[in-house]
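The values are calculated or read from the model by the stated rules, or taken from the named source; none is laboratory data. For clarity, every value in this text was computed on a predicted model and none was experimentally measured. Here the Cβ is made from the backbone with ideal geometry for all residues, glycine too, and neighbour counts use every protein chain on show. Accessible surface areas use protein heavy atoms only, side chains included; no ligands, DNA or RNA. Shrake-Rupley method; radii C 1.70, N 1.55, O 1.52, S 1.80 Å.
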Amino acid sequence: MSAAEPIISSRQTQKEINGIATQVVCTQFSNYIFIVITQYGKIGTLVSVTPESKCDDFNTPIFSTKVLLGKDEPLTHVCGKNLGTFVSQQAGRPVLLGLALKDPSVDAITQIKELIKSCQVW
């Protein structure tokens, strides 16, 4: 009897980014990719990143962000869209992000993207 594949696939990793311990957990569900990115050890603000049915003038998909729980601030949307868009494009489904960042700088976000790629489950 062969072992059944798990229904939910998950991977996690951690790295020090700009002197701050950063953990990433990527979990694949049938309809969403759930990614927790934390520098506090908590889930933080939940942000949904979803592709729109329309495209811009260059036929590039447009993504929308919606804060489901937590601080609804412009920087949250910027970080959410920046981190969630490439995952959604690769996975072909929406992304739910848990963001708890001490350092939302451009350099940190770039390093976090690489960290997400290292624990890819899609």
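Every pair of different Cα atoms in the chain enters the Kirkwood calculation, which places the hydrodynamic radius at 14.8 Å. Averaged per residue, the chain has 60 square angstrom of accessible surface, using a 1.4 angstrom probe with ligands and nucleic acids left out. Projected label points at ALA91 and LYS71, each 7 Å from Cα along the beta carbon direction, are separated by 2.4 nanometres.
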